[in-house]
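Quick notes on the structure that follows.
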Amino acid sequence: MNLKRMHISMAVLITTILIFIILVFQDEPKTPPSAAQVLQKNEEIKTTYETVKEILCTPAFLLMSLSYGLCNGTFVTISKLLNEVILTNFPAK
């Protein structure tokens, strides 16, 4: 019962914060903070799809993603094997 109450209270709190953020925060300030922002506002704005496509085609991003995947996969594999070795040699009480 306490776990259910905690989940419901967290859901209410998070929903309240979300509604507050949606209603109060502006998309952008009324006046640009710098001259660079004024110039940037006048330039052509890229869509999200174009930006993601540009990032995914960058070789540095591809290498970073590959290395992260290899490191993460190695870590998970070693953790799984180490867990089995520890549980075999040191059974739980």
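So if I check each of 30, 41, 53, which one is of a type in the set (Lys, Arg), exposed (fewer than 11 other Cβ atoms within 10 Å of the Cβ) and assigned to a helix (DSSP H, G or I)?
On the way: 30 fails: assigned to a helix (DSSP H, G or I); 53 fails: exposed (fewer than 11 other Cβ atoms within 10 Å of the Cβ).
Result: 41 is the single residue among 30, 41, 53 that is of a type in the set (Lys, Arg), exposed (fewer than 11 other Cβ atoms within 10 Å of the Cβ) and assigned to a helix (DSSP H, G or I).
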Residue pairs within 7 Å by beta carbon, gap of at least six or interchain, first lying in region 50-67 and aliphatic (A, V, I, L, M), second in a helix (DSSP H, G or I), listed first then second, are 55/61
Restricting attention to region 57-80, does a residue exist that is surrounded by fewer than 10 Cβ atoms within 10 Å (Cβ to Cβ), more than 27 Å from the chain's Cα centre (by Cα) and modelled with pLDDT under 95?
no
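The values are calculated or read from the model by the stated rules, or taken from the named source; none is laboratory data. Computed from a predicted structure; not experimentally measured. Every residue, glycine among them, receives a Cβ derived from its backbone with ideal geometry; neighbour counts consider all protein chains shown.
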